[in-house]
Amino acid sequence: MALEIRVPELGESIVDAVIANWLKHEGDTVKKGDTLVELETDKVNVEVSAEQSGVLQKIIKREGDEVSVGDVLGTIGESVEVPAGTRAESPVEQVKTNGQSPSTGQEQPVPLTTDGQRPVSPLARRIAADYNVDLSQVKGNSPHGRVTRDDVISYMEKTSAQQAPAASTVTVPEPSSSVTVPSPVKEVTPVPIVPKPSLQPEPRGHEERIRMSRRRQTIAQRLVEAQHTAAMLTTFNEIDMSAVMEVRSRRKESFKEKHNVSLGFMSFFTKAVIGALKAFPRLNAEIQGNEMVLKYYYDIGIAVGVEEGLVVPVLRDADRKSFADIEREIAELAKRARENTLTLADLQGGTFTITNGGVYGSLLSTPILNAPQVGILGMHKIEQRPIVVDGQITIRPMMYVALSYDHRIVDGQEAVQFLVRVKELVEDPETLLLEG
């Protein structure tokens, strides 16, 4: 009797998803607990596992299809008994054996195996399929060996470079002489390479149409909603990073040796934000109907850029954590974000957000609120700039900071004072031990 594979409950407020990747093919033998398919939601990817052992009889929903909770994705049937000494090959096994389709006899790309559940991004998989690249030969350079678009392109370029010189010239022995001479240069068909931006303009009318991922669609929708539903304003200031950089320079080696994690800027800014939130609690609130909900706990969202968009995992009870705890947990959350192993719980319930555009070279920006939060701090690139200190012009490492806030409950004066307090705490790191 066939068992239906259905879309499971996806979590709070998530009702639909997109099929990102089938890890098994029709005819494959599966064991109970094997991951069959990956679903992409607007927050995290969800794995659907086999509830019984058997054979994947039919795939009903294909990669790229939108599905809702409870939809049937496919069916699993009981394994077929095979007479002793023989074994029925599935269509996938036949392709692996002879590289031909059992129905057409035409050469087909060998379907990807998971290589012990080695993850491959959907974009990398599509590029590999388009250019007939064997993903089992591609090394993933991201954590846990996840193969990305850049890994596939790098492998193709390396393969092309290795093949071209080898086939360019050959030596042919002359019957009457021991001297070898080069034969005419043989034309080499290069391995196709995914186009990259170049100085040569594309022909007029050239276009490319790419389907937006579920996560990208949701990001777009929520950013527009944030601008339409909140009275969002941004205030700016600048911070002299000299003191923090001096502390990091003096303490980084002993800190790393003791705590096995690097001392970065995020722990200083997290502590400073907590100190400012305690002084101005309406920045740590949200609006529910006609009420303001002031929160006296500090779950700080840390924005992390990943391949398919921005995610904001939450650092829980950040006010109770040491500098080392903060650095360690942020590093772990960022790693899991890049590996796409964050859970829904990791992304829910933040009270305030910090985003650092400086890691990408941004000098100044206006961050957008992460609803229903009413405040977000934007960090930026540190640059040496001339400033006046005690009547003298001097060069200091300066960072512009931006605070976007919801003017419905946060007044301009309050927002400015909040940002000034962050500036004061970062410029005098010793006070973070008391205020943070």
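The values are calculated or read from the model by the stated rules, or taken from the named source; none is laboratory data. Given the structure is predicted, the values throughout are model-derived calculations rather than measurements. We place every Cβ from the backbone using ideal geometry, glycine too, and count neighbours over all the protein chains shown. In case anyone asks, the SASA skips ligands and DNA or RNA and just uses the protein heavy atoms, side chains included. Shrake-Rupley method; radii C 1.70, N 1.55, O 1.52, S 1.80 Å.
Among residues that are closer than 27 Å to residue 285 by Cα, at pLDDT below 95 and among the charged types (D, E, K, R), residue 346 is included.
Residue 298 fulfils the conditions (1) at pLDDT below 95; (2) closer than 27 Å to residue 14 by Cα; (3) of a type outside the set (Asp, Glu) except for a single criterion, (1).
Residues in the range 301-325 that are of a type in the set (Gly, Ala, Ser), over 23 Å from residue 41 (Cα atoms) and not in a loop (DSSP other than H, G, I, E, B): 318, 324. Return yes or no: is residue 339 modelled with pLDDT under 90, more than 19 Å from residue 427 (Cβ to Cβ) and open to solvent by less than 30 Å² (accessible area, probe 1.4 Å)? For residue 339, the condition - modelled with pLDDT under 90, more than 19 Å from residue 427 (Cβ to Cβ) and open to solvent by less than 30 Å² (accessible area, probe 1.4 Å) - is met. Within this structure, residue 353 fails the test of being open to solvent by 20 Å² or more (accessible area, probe 1.4 Å) and farther than 22 Å from residue 243 by Cβ. Looking at 389, 426, 401, 416, just one residue is at pLDDT 95 or above, open to solvent by 30 Å² or more (accessible area, probe 1.4 Å) and not basic (Lys, Arg), and that residue is 416.
Annotation note: Cβ proximity below 8 Å between a residue of the range 226-243 that is aromatic (Phe, Trp, Tyr) and modelled with pLDDT of 95 or more and a residue that is assigned to a strand (DSSP E or B) and open to solvent by 60 Å² or more (accessible area, probe 1.4 Å) (sequence gap 6+ or interchain) occurs for 236/400.
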